[in-house]
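Participant: What follows is a structure written as structure tokens; I'll ask about it next.
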């Protein structure tokens, strides 16, 4: 009991420090516990950022243990944030039997992916890279990132890939919904649609393959409720929709000369 009261007290202090505290009378113990858990997660994220901003050690040991590729190997790297990282952690496996590597890191933005692109993609010598990035840029978790900055980061990533003979699949951002929590408060619907329009145009301009998850997963502008538990992250059903679309896009990329 004392431990729980201490956590609630810490939560209120942290909330006050962030300028978002409400009167204690309006906060239930459940609200406080939930808030403390969220704040603890944010603190852990900040700790990791201070130690390794770009996540260069996240896959470091795994990368060194990979076997060398052969000329006819069709290795594919999936680069992204938590939507990519969580793929395969549920009941839906991550492309079983395929030489596909998951290099997603929770909470990452495009500047972080750009910094680790050489280590987590180029050095692994894939034939194709599938890039799903930008959702956390919109949320501005660590610093404000404009759509122009996001576009420049994606452009740099694509140019690095092409300079190293890696074919590119540019994935659309996935849709969201506000049915559980108000996801659109951090990631407005209009910004997601605007970035997806740019990604589609840039894919055509750069000779990349555009992978449209949004069209398959949206009902109107909302993520179909059955494809997510929180309105943001795909569940097993969501990944089951995404997987064949990714496979088709990879096949198209491999056909490109």
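The values are calculated or read from the model by the stated rules, or taken from the named source; none is laboratory data. Predicted model, so just to flag it, every value in this text is computed and none were measured. Because the Cβ atoms are built from the backbone with ideal geometry, glycine has one as well, and the counts that use them run over all protein chains shown.
Participant: Can you pull out every residue in the stretch 207-233 that is within 17 Å of residue 130 (Cα to Cα) and touching a strand residue (DSSP E or B) at 6+ places or on another chain (Cβ under 7 Å)?
Facilitator: 208, 209, 210, 211, 213 - these are the residues of the stretch 207-233 that are within 17 Å of residue 130 (Cα to Cα) and touching a strand residue (DSSP E or B) at 6+ places or on another chain (Cβ under 7 Å).
Participant: Just name the residue that is nearest to the chain's Cα centre (by Cα) out of those in the stretch 161-181 that are modelled with pLDDT of 95 or more and surrounded by fewer than 16 Cβ atoms within 10 Å (Cβ to Cβ). Write out each step before concluding.
Facilitator: So in the stretch 161-181, the residues modelled with pLDDT of 95 or more come out as 161-178.
Imposing the further condition that a residue be surrounded by fewer than 16 Cβ atoms within 10 Å (Cβ to Cβ) reduces the set to 162-165, 178.
On the way: 162: 22, 163: 24, 164: 23, 165: 24, 178: 18 Å.
The qualifying residue nearest to the chain's Cα centre (by Cα) is 178.
Participant: Right, here's the next one. Please enumerate the residues belonging to the stretch 140-170 that are outside any helix (DSSP H, G or I) and in contact with a helix residue (DSSP H, G or I) (Cβ under 6 Å, 6 or more places away or on another chain).
Facilitator: Applying the first criterion (outside any helix (DSSP H, G or I)) to the stretch 140-170 yields 140-146, 164-170.
Scanning the stretch 140-170 gives 145, 164, 167, 168, 169, 170.
Participant: Does residue 235 count as crowded, with 17+ Cβ neighbours inside 10 Å, closer than 24 Å to residue 107 by Cα and either touching a helix residue (DSSP H, G or I) at 6+ places or on another chain (Cβ under 7 Å) or at pLDDT below 95 (or both)? Walk me through it before giving the result.
Facilitator: Details: crowded, with 17+ Cβ neighbours inside 10 Å: no; closer than 24 Å to residue 107 by Cα: yes; either touching a helix residue (DSSP H, G or I) at 6+ places or on another chain (Cβ under 7 Å) or at pLDDT below 95 (or both): yes.
Answer is no for this residue.
Participant: In addition: Only residues that are under 27 Å from residue 223 (Cβ atoms), in a helix (DSSP H, G or I) and more than 16 Å from the chain's Cα centre (by Cα): list them for the stretch 84-139, please.
Facilitator: none
Participant: Now for a different question. Looking only at residues that are outside any loop (DSSP other than H, G, I, E, B) and touching a residue at least 24 places away in the same chain (Cβ under 8 Å) in the stretch 52-72, which one is nearest to residue 106 (Cα to Cα)?
Facilitator: Start the filter on the stretch 52-72 by keeping residues that are outside any loop (DSSP other than H, G, I, E, B), which leaves 60-65.
Filter again for touching a residue at least 24 places away in the same chain (Cβ under 8 Å), leaving 60, 63.
Details: 60: 16, 63: 18 Å.
Going through the qualifying residues, I end up with 60.
Participant: Let me ask another. Given (1) closer than 29 Å to residue 74 by Cβ; (2) surrounded by 16 or more Cβ atoms within 10 Å (Cβ to Cβ); (3) without any contact (Cβ under 8 Å) to a residue 24 or more places away in the chain, where does residue 132 come up short, assuming only one miss?
Facilitator: Residue 132 satisfies every listed condition except (3).
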